[in-house]
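> Please find one structure pasted underneath; my questions will follow.
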Amino acid sequence: ADKGLKDYYKDYFPIGVAVSPRALQNPAEAALILQQFNSLTPENDMKMGPIHPEENRWNWGPSDAIVDFAQAHKLKVRGHNLCWHEQTPRWLFKNADGSQVSKEVLLKRLHDHIDAVVKRYKGKIYAWDVVNEAIADNPNEFLRNSDWYKICGEDFIAEAFRYAHAADPKAVLFYNDYNTERPEKMERVYKLLKKLKDANVPIDAVGLQGHWSLVEPTEQELRTTIERFGSLGLKVQVTELDVSVYPWEKDRRAKRPDESDAYTPEMQAKQAAQYKMFFKVFRDEKKYLTGITFWNISDHYSWLDTYPVAGRKNHPLLFDENFKPKQAYYEVVKF
Ligand code: G3I
């Protein structure tokens, strides 16, 4: 069979992809996955809302389907995620009478959730995004003012890592976030990671989500980020890689009637150059990097097409809408 990304990168790191059970059931997508990738991440199905919709009800089906597929085909699995401010179930922050839960109750719920999910997949999931996106979007603030933070203060972060470590001492535990290469955000993430390390919290690694674009990050920003986090003794993975053909702000607002969404040859060439640069940096920084995961399989479907606003078609991945390798793919495997 033809070589895939995983084969070109076998001396470097696993190459993963975010999936849904539906994609695994589509023969064309399943074939592409098995040819190209050797690690899976559930795009949505292990998040607390989908997997734990009520306090005493679990929805294991979709998540089990992904883990079973991985086991059947000897793929690694990265779990995503155990504690996040989005996609939380309705019951989580409330008592039966509708009032807000206490810190003690919320930490107990977090413990019980993490304990159940991590133990269920012990030995089958090698790495977990334990805490996702806890840093504030506003550069002048440190931690995000989420329900987790409002109710628990910053303790929920360290506790989440302790619960996950107790449930599976061998799992590689990650803090995961976006825009980590922007200098101001990098500093705030560094501050959090250093605090956790200094307090002997069982954290092993940091995930750079890698929702990048034609203009960011720069090569220097990317290298600096990997090396700075690496200097804390943490491993690094790029956990949600894609290269949007639009700037960050444009991706997050609706398409105006006069705006084109043509995927021009200029965009394709710039995107191929970006991917080439990113993978050169990844190879150079091999001693810190333990995995690269793409967020979705091909341009047939990207979260950027619909979230947070629908209407502008994006083309952020290495395979086109017909699952064929793009120019960017050939740049990534040529070294
Ligand atoms: O499954 C429901 C469906 O039942 C319902 O009818 C429909 C109506 O809204 O929603 C469906 O759920 C959607 C889900 O994706 C599955 O398609 C949610 O609304 C939608 O919000 C959700 O979006 C996901 C998003 O996280 C949620 O915040 C994206 O697919 C997913 O790619 C995205 O992934 C995140 C990472 O977890 C963390 N880092 C950023 C990344 C991109 O935002």
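The values are calculated or read from the model by the stated rules, or taken from the named source; none is laboratory data. What you see is a predicted model, and the numbers here were worked out from it, not measured in a lab. Cβ coordinates were reconstructed from backbone atoms using ideal geometry, including for glycine residues, and neighbour counts include every protein chain displayed.
> Looking at ASP137, ASP147, which one is farther than 30 Å from LYS76 by Cα, buried (at least 16 other Cβ atoms within 10 Å of the Cβ) and either of a type in the set (Asp, Glu) or modelled with pLDDT under 95 (or both)?
Unique residue meeting the criteria: ASP147.
> Taking the conditions exactly as written (over 22 Å from TYR329 (Cα atoms), in contact (Cβ under 8 Å) with a residue 24 or more places away in the chain and either basic (Lys, Arg) or part of a helix (DSSP H, G or I) (or both)), does PHE174 satisfy them or not?
no
Residue by residue, here is whether (1) buried (at least 22 other Cβ atoms within 10 Å of the Cβ); (2) in a loop (DSSP other than H, G, I, E, B); (3) of a type in the set (S, T, N, Q); (4) modelled with pLDDT of 95 or more holds:
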| position | (1), (2), (3), (4) |
| --- | --- |
| ASP242 | yes, no, no, yes |
| ALA254 | no, yes, no, no |
| SER260 | no, yes, yes, no |
| MET277 | no, no, no, yes |
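Conditions (1) farther than 22 Å from LYS76 by Cα; (2) buried (at least 19 other Cβ atoms within 10 Å of the Cβ); (3) of a type in the set (Ser, Thr, Tyr), marked per residue:
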residue	(1), (2), (3)
ALA272	yes, yes, no
LYS286	no, no, no
TYR330	yes, no, yes
VAL333	no, no, no
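> On to the next question. Limited to segment 97-155, what total is found for residues that are among the hydrophobic types (A, V, I, L, M, F, W, C) and under 21 Å from TYR178 (Cβ atoms)?
10
> Out of VAL215, VAL238, report the one residue that is over 26 Å from ALA23 (Cβ atoms), among the hydrophobic types (A, V, I, L, M, F, W, C) and in contact (Cβ under 8 Å) with a residue 24 or more places away in the chain.
Selected residue: VAL215, the only one of VAL215, VAL238 that is over 26 Å from ALA23 (Cβ atoms), among the hydrophobic types (A, V, I, L, M, F, W, C) and in contact (Cβ under 8 Å) with a residue 24 or more places away in the chain.
> Considering (1) at pLDDT below 95; (2) within 29 Å of GLY79 (Cα to Cα); (3) assigned to a loop (DSSP other than H, G, I, E, B), say which one GLY311 fails and leave the rest.
Every listed condition holds for GLY311 apart from (2).
> Name the residues in segment 269-291 that are in contact (Cβ under 8 Å) with a residue 60 or more places away in the chain and of a type outside the set (Lys, Arg), would you?
Residues satisfying the conditions are GLN274, PHE278, VAL281, PHE282, ASP284, GLU285, TYR288, LEU289, THR290, GLY291.
> Another question, if that's okay. Of the numbered conditions (1) within 30 Å of PRO27 (Cβ to Cβ); (2) buried (at least 21 other Cβ atoms within 10 Å of the Cβ); (3) more than 16 Å from the ligand (Cβ to nearest atom), LEU317 satisfies every one except a single condition; which is it?
Answer for LEU317: the failing condition is (3).
> Tell me yes or no: at least one residue of segment 74-84 is within 27 Å of ASP137 (Cβ to Cβ), away from the ligand (no atom under 12 Å from the Cβ) and in a loop (DSSP other than H, G, I, E, B).
Within segment 74-84, none of the residues are within 27 Å of ASP137 (Cβ to Cβ), away from the ligand (no atom under 12 Å from the Cβ) and in a loop (DSSP other than H, G, I, E, B).
> Assess whether LEU192 counts as being under 21 Å from the mean Cα position of the chain (by Cα), free of Cβ contacts under 8 Å to residues at least 40 places away in the same chain and either in a helix (DSSP H, G or I) or more than 30 Å from PRO247 (Cα to Cα) (or both).
No, not satisfied.
> Every residue in segment 292-308 that is among the aromatic types (Phe, Trp, Tyr), crowded, with 16+ Cβ neighbours inside 10 Å and either without any contact (Cβ under 8 Å) to a residue 60 or more places away in the chain or not in a helix (DSSP H, G or I) (or both), please.
Answer for segment 292-308, where residues must be among the aromatic types (Phe, Trp, Tyr), crowded, with 16+ Cβ neighbours inside 10 Å and either without any contact (Cβ under 8 Å) to a residue 60 or more places away in the chain or not in a helix (DSSP H, G or I) (or both): PHE294, TRP295, TYR301.
> Related question: If I ask for residues that are more than 16 Å from the chain's Cα centre (by Cα) and either in a strand (DSSP E or B) or away from the ligand (no atom under 16 Å from the Cβ) (or both), which ones from segment 39-59 would you list?
Within segment 39-59, GLU54, GLU55, ASN56, ARG57, TRP58 meet the criteria.
> Out of everything in segment 85-102 that is of a type in the set (S, T, N, Q) and closer than 30 Å to ILE292 by Cβ, what residue ends up being nearest to the ligand (Cβ to nearest atom)?
Per the stated criteria, the residue is GLN87.
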